[in-house]
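Asker: There's a structure below that I have some questions on.
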Amino acid sequence: MSAQQELQEENLVLSLRKESAWASPYSLYQFQNFLCPAIHIQAVNNCQKYFEAKDNDVIVASFPKSGTIWMKALAFAIVNHQRLSTAEKTHPLLTSNPHELVPFLEFIYAGDIPEQNLLLSKVAEPRVFGTHTPLPSLSKSIVESNCKIIYICRNPFDNFVSAWNYFNKIKPADLSALPMDEAFEIHMLGYWKESIARPNKVLFLKYDDLKKDTNLYVKKVAEFLGCPFTEEEENNGVVDNIVKICSFDKMKDLNVNKSGTVGRGSVEKKNFFRKGETGDWVNYFSPSMIEKLSKIVEEKLSGSGLSFKEYYQNN
Ligand code: PPS
């Protein structure tokens with residue numbers, strides 16, 4: 001990054017309101033109506049300015065710790081299913097971490113322009129990217145082109161526990177329900193409403209539904225992306241193989257995911273695979289925490305048509 005760019009970035013960060021939140025080892029700032037880690041502010045800005053979406057791009061959007069890596073792996077396997085067989089030992093998902101095959105836009109656009117171009121040139125078509133950025137802050141070309149967006153979310157109780165465990169590994173933190181508030185309003189509901197307004201543009205999925213019947217959702221995603229499975233492919237186990245290669249146990253057990261780091265923050269790859277279950281939150285929440293978070297969830301989602309009750313009520 002040039003000295004001028006560094007100065008611009010510093011000035012931008014200084015002009016924003018700093019917030020305290022547990023859900024990040026980084027400082028969070030109020031930026032374009034969402035809480036953005038300082039390290040991503042310039043990248044979100046750059047992405048808005050420079051990213052040109054292609055019509056065959058796929059964007060996997062999510063709030064952190066809601067199943068991003070799983071959906072990245074599934075989307076990669078699905079869009080490439082005609083040219084890369086998941087039955088082969090050479091399938092890229094067996095030798096690369098999904099965050100490497102499907103890079104975050106915030107990662108690509110964190111560097112200067114030559115670096116952005118270099119990283120972009122390494123992504124093979126059909127390109128699949130990840131993003132944690134809310135819909136209103138995405139590059140206009142993503143929203144206006146014919147590229148597809150898959151949004152993956154998770155019941156807020158498990159999302160919370162997953163994030164808490166993950167960030168605790170990086171930095172000790174207090175357990176508090178505050179950031180969920182922001183996640184509902186800005187993140188989840190933004191993509192949820194767009195998925196209703198433009199169902200061919202945004203596919204809205206819940207991690208928990210996917211866990212219940214992965215085969216069904218793999219077929220739905222393939223149809224949404226315009227690359228459905230033929231009957232012959234289904235009979236030949238193509239869908240089953242995709243489900244298997246992307247399963248938690250399989251991915252967690254791969255050497256490529258057991259050691260080494262990924263991304264600019266050099267996150268240890270093993271930290272992306274913890275339990276991979278729905279319902280683990282019961283081991284963490286006290287009755288008063290359940291009451292508090294249920295209230296926030298219901299208040300925020302009220303009238304939206306979106307609900308996670310089946311994943312946290314009657315526990
Ligand atoms: S990140 O850092 O935002 O990219 O994290 P993210 O991938 O969104 O979420 C991590 C949680 O997803 C679980 N995980 C999986 N679940 C099901 N299947 C597969 N293949 C899979 N891979 C990762 C991971 O274990 C984290 O959830 P928890 O509840 O902490 O186990």
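Asker: Residue by residue through segment 38-91, note down the ones that are among the charged types (D, E, K, R) and either farther than 15 Å from residue 125 by Cα or in contact with a Gly (Cβ under 7 Å, 6 or more places away or on another chain) (or both).
Answerer: Correct list: 49, 65, 72, 88, 89.
Asker: Residue under question is residue 136, and the condition is that it be more than 16 Å from the ligand (Cβ to nearest atom) and touching a strand residue (DSSP E or B) at 6+ places or on another chain (Cβ under 9 Å); does it hold?
Answerer: Answer is yes for this residue.
Asker: Report, by residue number, each residue of segment 36-75 that is within 14 Å of residue 107 (Cα to Cα), away from the ligand (no atom under 15 Å from the Cβ) and not in a helix (DSSP H, G or I).
Answerer: Passing the criteria: only 51.
Asker: Moving on. If you take the residues in segment 264-315 that are assigned to a helix (DSSP H, G or I) and of a type in the set (S, T, N, Q), which one is nearest to residue 96 (Cα to Cα)?
Answerer: Ranking the candidates gives 271 first.
Asker: In the set 269, 206, 252, which member is open to solvent by 40 Å² or more (accessible area, probe 1.4 Å), within 16 Å of residue 67 (Cα to Cα) and within 13 Å of the ligand (Cβ to nearest atom)?
Answerer: 252
Asker: In addition: Give segment 101-141 a look and list any residue that's open to solvent by less than 30 Å² (accessible area, probe 1.4 Å) and among the polar types (S, T, N, Q), or say none.
Answerer: Correct list: 116, 131, 133, 137, 139, 141.
Asker: Which residue pairs have Cβ atoms under 6 Å apart, sit 6 or more places apart or on different chains, and have a first residue in segment 303-315 that is touching a residue at least 12 places away in the same chain (Cβ under 8 Å) and closer than 14 Å to residue 287 by Cβ and a second that is surrounded by 10 or more Cβ atoms within 10 Å (Cβ to Cβ) and hydrophobic (A, V, I, L, M, F, W, C)?
Answerer: Filtered contacts from segment 303-315: 312/157; 315/282.
Asker: How about segment 224-249: which of its residues are over 20 Å from residue 59 (Cα atoms), more than 16 Å from the ligand (Cβ to nearest atom) and open to solvent by 30 Å² or more (accessible area, probe 1.4 Å)?
Answerer: 230, 231, 232, 233, 234, 235, 236, 238
Asker: So how many residues does segment 188-236 have that are without any contact (Cβ under 8 Å) to a residue 60 or more places away in the chain, of a type in the set (Lys, Arg) and touching a Leu at 6+ places or on another chain (Cβ under 9 Å)?
Answerer: Total satisfying the criteria: 1.
Asker: Further, regarding this structure: So, in segment 76-100, of the ones that are surrounded by 20 or more Cβ atoms within 10 Å (Cβ to Cβ) and in a helix (DSSP H, G or I), which residue ends up farthest from the ligand (Cβ to nearest atom)?
Answerer: Restricting to residues being surrounded by 20 or more Cβ atoms within 10 Å (Cβ to Cβ) and in a helix (DSSP H, G or I), the top hit is 79.
The values are calculated or read from the model by the stated rules, or taken from the named source; none is laboratory data. Small disclaimer: the values here were computed from a predicted structure and weren't measured. Here the Cβ is made from the backbone with ideal geometry for all residues, glycine too, and neighbour counts use every protein chain on show. These accessible areas exclude ligands, DNA and RNA; they are computed on the full protein's heavy atoms, side chains included. Shrake-Rupley method; radii C 1.70, N 1.55, O 1.52, S 1.80 Å.
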